[in-house]
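The values are calculated or read from the model by the stated rules, or taken from the named source; none is laboratory data. Note that the coordinates shown come from a computational prediction; the quantities given were computed from them, not determined experimentally. Here the Cβ positions follow ideal geometry from the backbone for every residue, glycine too, while neighbour counts run over all protein chains shown. Each accessible area value is taken on the protein alone, full model and side chains, heavy atoms only, with ligands, DNA and RNA left out. Shrake-Rupley method; radii C 1.70, N 1.55, O 1.52, S 1.80 Å.
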Amino acid sequence: GLFVWHLKSAGARQVLCPFLHLCRAGSERWVTFQYFNFLKRMYVTQHNKDLSQRAKPKSDSVASPFRELQRLDQEKKVIYKIRPISPAHQPLSETSSGEVKLAAETDSSATPVRAEPKDDRQWKEMKLRLEDLPGILARLSKIKLTALVVSTASAGFAMAPIPFDLTCFLLASLGTGLASCAANSINQFFEVPFDSNMNRTKNRPLVRGQISPLLAVCFAASCGVPGIALLTLGVNPLTGALGAFNIFLYTCCYTPMKRMSIANTWVGAVVGAIPPVMGWTAATGTLDAGALLLGGILYSWQFPHFNALSWGLREDYSRGGYCMMSVTHPGLCRRVALRHCLALIGLSAVAPVLDVTTWTFPVVSLPLNLYISYLAFRFYRDADRSSSRRLFFCSLWHLPMLLLVMFTCKKSLLEKEDKGDLPGGDQGRAMEMRLP
């Protein structure tokens with residue numbers, strides 16, 4: 001019995017050891033259940049063609065709704081006009097007798113009305129009417145900006161330390177206004193492709209085609225040449241030279257720089273600072289410290305005014321391709337606005353030192369300058385549309401108020417005559433004003 005048991009155990013051991021060795025070799029050769037399953041699928045698909053995977057034909061592409069709309073738009077549209085049915089309270093006899101008539105009228109009235117052809121919906125050249133021409137030319141010359149330029153030139157003339165000459169004042173104002181109209185018209189002529197991309201300027205006359213470019217250039221020439229001639233011959237050559245230089249600076253320097261560098265803002269500030277200097281030189285014929293002071297005040301005022309305006313138009317300027325501080329350097333835009341608001345306080349304090357105003361002017365103008373400086377600080381700190389809008393609207397009334405206060409605090413001619421500060425010609429004219 002022991003011998004039989006020994007044989008059985010030895011046979012089981014001999015059978016179990018080769019099986020374990022086979023499993024170990026299978027695992028070493030990566031023989032797995034997934035591999036056997038793969039071999040099974042390959043065998044089935046090769047011997048049974050019905051079970052093999054076939055490629056499905058590609059379904060027809062679904063027509064795009066936009067193409068369908070275009071196809072329908074191209075087809076001829078027919079609209080039938082059907083007259084309304086008679087009222088329900090009509091007698092039965094009349095309705096029964098009028099059914100045939102109603103059907104006949106409906107068939108005859110159902111005349112096809114074709115939609116207007118596609119060519120009629122295209123852009124057409126607008127016809128210019130003579131009664132619309134003054135308004136179009138006013139928008140071409142930016143009449144509001146021209147009025148601001150003339151007002152600052154008038155302020156410079158009024159601040160000059162000489163007796164008021166009405167004829168010279170009118171000639172200087174008219175010549176300055178004509179020069180401004182010419183510069184603004186040329187500016188719009190050059191910026192037509194860029195203004196068409198901006199919401200603020202897309203309705204300008206040249207963009208909409210209300211007038212031709214040739215007419216715009218002719219209008220600019222008809223304003224610029226008489227304006228410079230009037231300033232040169234009717235006022236003095238210095239004022240005429242400043243007017244011609246300002247047209248050149250605005251059209252040939254500032255306009256192309258708007259798409260090249262943020263330095264255009266500083267060049268534009270110089271353009272806006274020249275009109276009060278022209279008013280001063282028109283009255284005195286000289287370019288002295290008082291003229292430079294007025295130009296400095298206008299120069300500094302333009303930065304909070306324009307930077308606050310451009311902050312709300314950043315998307316428009318980006319769309320038009322203009323290089324502005326508010327778009328490319330927003331931090332610098334806010335700092336420059338605050339910096340020049342503080343500069344207005346210093347310039348107002350310098351006015352009595354240069355003997356342009358009395359010492360009352362720095363005191364009276366301090367609340368105005370402090371308030372606009374506070375709004376500029378809010379704009380610098382918050383950097384949002386609300387603060388920029390407040391600063392912009394404040395700048396609209398700040399400048400006329402500051403110039404009005406400056407005029408009321410202007411030193412009288414008697415004080416200047418007693419000190420002997422007037423030039424010889426001006427002092428002689430002041431003596432003539434005092435004689436009975």
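Summary table below
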read-out: Test: Thr255 is β-branched (Val, Ile, Thr) and under 18 Å from the mean Cα position of the chain (by Cα); value: yes
read-out: Breaking point among (1) part of a helix (DSSP H, G or I); (2) open to solvent by 40 Å² or more (accessible area, probe 1.4 Å), for Asn197; value: (1)
read-out: Criterion violated by Lys202 - all others in (1) under 24 Å from Cys253 (Cα atoms); (2) assigned to a loop (DSSP other than H, G, I, E, B); (3) in contact (Cβ under 8 Å) with a residue 24 or more places away in the chain satisfied; value: (3)
read-out: Selected residue (only one of Ala153, Ala147, Ala158, Ala182 is in contact with a strand residue (DSSP E or B) (Cβ under 9 Å, 6 or more places away or on another chain) and among the aliphatic types (A, V, I, L, M)); value: Ala158
read-out: Check on Val225, touching a Leu at 6+ places or on another chain (Cβ under 7 Å) and open to solvent by 10 Å² or more (accessible area, probe 1.4 Å); value: no
read-out: Matching entry among Pro275, Pro367, Pro304 (being within 28 Å of Pro161 (Cα to Cα) and in contact with a helix residue (DSSP H, G or I) (Cβ under 6 Å, 6 or more places away or on another chain)); value: Pro275
read-out: Search result, residues across the range 313-336 that are surrounded by fewer than 16 Cβ atoms within 10 Å (Cβ to Cβ), modelled with pLDDT of 90 or more and outside any helix (DSSP H, G or I); value: His329
read-out: The listed residue being assigned by the TED database to the domain that holds Val353 and open to solvent by 40 Å² or more (accessible area, probe 1.4 Å), out of Phe306, Phe245; value: Phe306
read-out: Within the range 344-365, tally of residues that are without any contact (Cβ under 8 Å) to a residue 40 or more places away in the chain and either under 19 Å from Gly295 (Cα atoms) or not assigned by the TED database to the domain that holds His305 (or both); value: 6
read-out: Candidate set from the range 249-263 (those that are under 16 Å from Asn184 (Cα atoms) and either in contact with a Phe, Trp or Tyr (Cβ under 6 Å, 6 or more places away or on another chain) or charged (D, E, K, R) (or both)); member that is surrounded by the fewest Cβ atoms within 10 Å (Cβ to Cβ); value: Thr255
read-out: Test: Leu140 is among the aliphatic types (A, V, I, L, M) and at pLDDT 95 or above; value: no
read-out: Selection status of Cys341, assigned by the TED database to the domain that holds Leu403 and either of a type in the set (A, V, I, L, M) or open to solvent by less than 10 Å² (accessible area, probe 1.4 Å) (or both); value: yes
read-out: Matching residues, the range 156-177, being surrounded by 24 or more Cβ atoms within 10 Å (Cβ to Cβ) and under 30 Å from the mean Cα position of the chain (by Cα); value: Gly175, Thr176
read-out: Hey, Thr286 in contact with a Phe, Trp or Tyr (Cβ under 9 Å, 6 or more places away or on another chain), in a helix (DSSP H, G or I), hydroxyl-bearing (Ser, Thr, Tyr) and open to solvent by 10 Å² or more (accessible area, probe 1.4 Å) or not; value: no
